[in-house]
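Let me begin by presenting the structure, written as C-alpha cells, before commenting on it.
The values are calculated or read from the model by the stated rules, or taken from the named source; none is laboratory data. Source: prediction; values computed, not measured. We place every Cβ from the backbone using ideal geometry, glycine too, and count neighbours over all the protein chains shown. SASA here: full protein model, heavy atoms, side chains in, ligands and nucleic acids out. Shrake-Rupley method; radii C 1.70, N 1.55, O 1.52, S 1.80 Å.
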Amino acid sequence: HYPAARNAENPVKALIEAVVARQAKLIAQWMSLGFIHGVMNTDNMQIAGETIDYGPCAFMDVFHPSTVFSSIDRNGRYAWANQPNIGVWNLSRLAEALLPILNDDADEAVKQAEAAVGQFAQSFNNALNDSFAAKLGISVDPTFLQETFKVMTDQGCDFTLFFSTLTQIAQGAADSPFVELFVQESTAIEWLEQWRNLYEPEKLANMKAANPVYIPRNHQVERAIAAAYSGDFSVFYALLNVLKNPFDSSADFEAYTKPPKPSEVVQQTFCGT
C-alpha cells in the first residue's frame, strides 16, 4: 500500500507516517459528511486507510459535536468530535507494536514513533479545514468554521440540509429553506451575511462535489430493515437507488431529503445495523 516507504531511510517510520496521514484524511472526510463510525476500536482501523467494520455507524441529522449513536458508547468515546482523538490513540498502538523494528535503540524508537504519530494533528486539521472550506465554497478559514459549528449546534440545524440548501443558495435559490433550519431567523440572516462576504463563486463546483443531497438517514435505514424482516426488500432497494447518486438532486427523491419526525428519530444503532 505504501511502496515509497520501502525506499525511505527508515521504512518503518515512513510506513507509520503514511498511515497517520491517510487515516487523518479519512476521519476528516467522515466528519465532513456528518458520519460517526460508532465503534472505532484498534481492530476497526486498518493501514490502508479505508473504512471497515462500522456496524453501529450513523449520519447525524441535527448537528451536535457530541452526537453518539452506538449502543455500547455510554461515555461519548466515539462521538463525532472525538473521532480524531480516537484515531491518534489507535495509531499510537500501531506505533507501539512496531517499536522493536523501528529502531534498535528503544529510547530512540519511542521518540521516532511519537514524532510520526504527532503529525496526525496537523494532517487532520488541514484535511478538515479543506473539506469544510469546499463545503462552504470559501477559502480555508478556521475561525469562521468554528463559529459555524457553534451556530449549527446552538440552532439545532440539520447537518446535511445546512450544506445542501446553502449550495442551492449559491446557485441562486431563495434563502428561506436555509433560514427555516434555524430556531432564530435573525441568527440565520446574520450567518448568511458573514458567509456571503467570504463566498467565492468560482468555488461552487467544490460545494456541489462536497455536499450530498441524500444520505442514508437513520430513520430510512430503520424502515428498510423493518420491511426486510417482513420479507419486503423493496424499501431497501429504493433507498439504495437514491444513494447511488447522492450529489444529484431529483424531484422524485425529495422525501429522502427530509429529516425524521420526532417519532422517527433513531437514538441508538447496533453492530447488526
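Numbers at a glance
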{"quantity": "Total residues in the range 1-60, condition over 27 Å from Thr160 (Cβ atoms) and either aromatic (Phe, Trp, Tyr) or touching a Leu at 6+ places or on another chain (Cβ under 8 Å) (or both)", "calculated": "11"}
{"quantity": "Among (1) in a loop (DSSP other than H, G, I, E, B); (2) open to solvent by 30 Å² or more (accessible area, probe 1.4 Å); (3) more than 30 Å from Lys150 (Cβ to Cβ), the one test that Ser66 misses", "calculated": "(3)"}
{"quantity": "Segments classed as helices (runs of 4 or more DSSP H), wholly inside the range 78-164, with at least 3 members that are open to solvent by less than 20 Å² (accessible area, probe 1.4 Å)", "calculated": "83-97, 106-117, 120-136, 142-155"}
{"quantity": "Residue among Ser139, Ser131, Ser176, Ser186 that is under 18 Å from the mean Cα position of the chain (by Cα) and small (Gly, Ala, Ser)", "calculated": "Ser131"}
{"quantity": "Any chance Ile169 is aliphatic (A, V, I, L, M) and either under 13 Å from Leu136 (Cα atoms) or assigned to a helix (DSSP H, G or I) (or both)", "calculated": "yes"}
{"quantity": "Residues of the range 175-225 satisfying the condition of being open to solvent by less than 60 Å² (accessible area, probe 1.4 Å), free of Cβ contacts under 8 Å to residues at least 24 places away in the same chain and over 23 Å from Asp154 (Cα atoms)", "calculated": "Ala224"}
{"quantity": "Options Val39, Val140; residue that is more than 19 Å from Pro212 (Cβ to Cβ), in contact with a strand residue (DSSP E or B) (Cβ under 6 Å, 6 or more places away or on another chain) and not charged (D, E, K, R)", "calculated": "Val39"}
{"quantity": "Selection within the range 195-221 - in contact with a helix residue (DSSP H, G or I) (Cβ under 8 Å, 6 or more places away or on another chain), farther than 24 Å from Phe144 by Cβ and not β-branched (Val, Ile, Thr)", "calculated": "Tyr214, Pro216, Arg217, His219, Gln220"}
{"quantity": "The range 11-46 - residue that is exposed (fewer than 15 other Cβ atoms within 10 Å of the Cβ) and either touching a residue at least 12 places away in the same chain (Cβ under 8 Å) or in contact with a Ser or Thr (Cβ under 6 Å, 6 or more places away or on another chain) (or both) and, of those, nearest to Gly76 (Cα to Cα)", "calculated": "Asn41"}
{"quantity": "Ser234 under 28 Å from Gly38 (Cβ atoms) and more than 24 Å from the chain's Cα centre (by Cα)", "calculated": "yes"}
